[in-house]
Structure formats: C-alpha cells, structure tokens
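The values are calculated or read from the model by the stated rules, or taken from the named source; none is laboratory data. A quick note: this is a predicted structure, and the numbers were derived from the prediction, not measured. Cβ coordinates were reconstructed from backbone atoms using ideal geometry, including for glycine residues, and neighbour counts include every protein chain displayed. Side chains included, ligands, DNA and RNA excluded: accessible areas come from the protein's heavy atoms. Shrake-Rupley method; radii C 1.70, N 1.55, O 1.52, S 1.80 Å.
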Amino acid sequence: MQTVARSPVLVGRAAELAEVRRLVAATAAGGGGALAVVGEAGIGKTRLLEEVAAAATAAGLTVLTGHAVPGGGVFRPIAEAVLPRLDDPAAEADALRPYRSALERLRSGTGPESGPGAPDQAVVLAEGLRRLLRAVAPGGCVLRLEDLHWADRDTLATVASLGPARPGLLVAVSSRPGPAALRLATTPGLRILDLRPLDRAGVDALAAVCRDGTPPSDDEVAALHARSDGLPFVVEELLAAPGRAVPPTFAALVEARLDALGPAARRAVEAAA
C-alpha cells in the first residue's frame, strides 16, 4: 500500500465540479460568468480553482492567476494576473486608450482617484480590464484570483464590477468566510460555491484514494474525521505523516495566523488554548 501526499482526484465535490465545468463550457462557447469559492482554510478552495484552470486550458481558454497576500498593496491579485499583458502589442488597441491610465495604476500600485465628480474608478478599471482581456485573449479568458479575504477594498470593488457575465470572460475567485466574501456576494450574477467539510463517507473515499485504493478501517476513518474536522487538506496531511500529532503544513498555517494577531489578541488565544 502506497500513501500519496495529495489525492490525484477531487473527492466529495461532484456537484461543485459539475458547476465549474458548466461555467467553463459556457465561457468557451462565448458566454461568461463569475464564480466565488468560499470556505475555511484547508477546505479545498485552491484545489477547486485548479480544476477551473485545468478545464479552461483544455477548452482553449487563457488562464490568468493572481493571489492576494497579507499586507499586499492595492490591486495586488489583479496586478499579478494581468501585468504581463499590459505590454502585449494587442493592449495598444484603440479601444483600450481611454482606459490606459486606469490600467497603469496596476503597475504603479496606486489607489484610485477620488473626490467630488470623480468617476467610479472600480467601474472604469473593470471596463479597462474587460477590454484588455478581450484584446490579449480573444479566444476567451479565465481571471483566477485567490485568497481575496486578504484583498484591499479597491480590489474587491473592481472584482464586483467585473462580476456580471461578459462574453468570453469567467471571473473565478476564492475567499474565506468573512467581510470580503459578504462583499463579493452582492455581485450580480455571481455563483457562490460554499464548500463544506467532508462527511465520514467523504473522508473514507479520500483516504482510500490517497492509499492507492486501499480502504481504511472504520476506526481509522472515525479518527481521521475527528482529527481533521472533515478538512480535505488536513486529511491528506494526516495520512502522509501518520506519526505527527499535528500535520506540519497545518501547524505552519496556524502559526502564521497567530503571527498576524496583535500581542493582546495572541495572549487571549493562547490563554484560551
């Protein structure tokens, strides 16, 4: 029996996977859409967005990916995704000229202009992005933006303005539950996939796949389900390092969250633990 560190197939997400493939197929056929994958750390948001990217690539769509990070600057995930395309010769099209100054803010990392009478810069930037992506990816595009729970408010506003279905564009984002997810939920036409922990049957299936098809015992499934809280990432880590009390990557994730807290908040969490 061989244990793999990561399941080679997506387990327990049949309905979500079907919706992802439907949206990608609609985009490849000239439609478009917006998708938000929401769930706790370790629930499988990135894994599902990887399925979006794989399906999109197979359908001939261009996939552009960006990530929000703690303390990242204005427009960080959007800039990571599209900055290389700003210098594409196709980006010099006449249709983009009115939006070049807004798009250049992605390069400079400056926030939008404000003040009485100023246009809604999120709307302006979103239209510029739509035109840019249509110019540099005429066959259709997936804009994949991950971890938007760390994104700045201008990024969230721009994503919300991008959200309504546009021909040849699928906006696919991920976020943990919280203010960012609530802000994204107001986007017209946005399809939200709210990922839930795996039940015992899902944990059983995931463990069997990770063990080269060998099913775990009932006691093993019960222990894995209890220790992982049904989080697929933690199940995989527990299987890959059975002797560890706490999976190493998950421990690092918790430590990073603690480091992000202020001294008083960290003392309160440690006292509660």
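The order of F233, F75 by accessible area, most exposed first and with a 1.4 Å probe, is F233, F75. What a 1.4 Å probe finds exposed on the chain is 56% carbon and sulfur by accessible area, rounded to a whole percent. With a 1.4 Å probe rolled over the protein heavy atoms of all chains, the accessible area of E40, E51 falls in the order E40, E51, largest first.
Of S108, S175, S161, the residue with the greatest mean-square motion in the GNM of the chain, using alpha carbon springs below 10 Å, is S108.
Counting only protein heavy atoms and using a 1.4 Å probe, the accessible area of D87 comes to about 110 Å².
Over the chain, DSSP H runs of length four or greater, each weighted -39,500 (n - 2.57), average out per residue to a 222 nm ellipticity of -15000 deg cm²/dmol. Rolling a 1.4 angstrom probe over the protein heavy atoms with all chains in place gives the chain an accessible area of 48 Å² per residue. Using a probe of 1.4 Å on the protein chains alone, the accessible area found for T46 is around 60 Å². For every other residue with a beta carbon closer than 15 angstrom to the beta carbon of V142, add +1 if it is Lys or Arg and -1 if Asp or Glu, then tell me the sum. Charge balance near V142 sits at +3.
Compared with the alpha-carbon gap, the fully stretched path from A29 to L182 is longer by 52.1 nm at 0.36 nm per residue.
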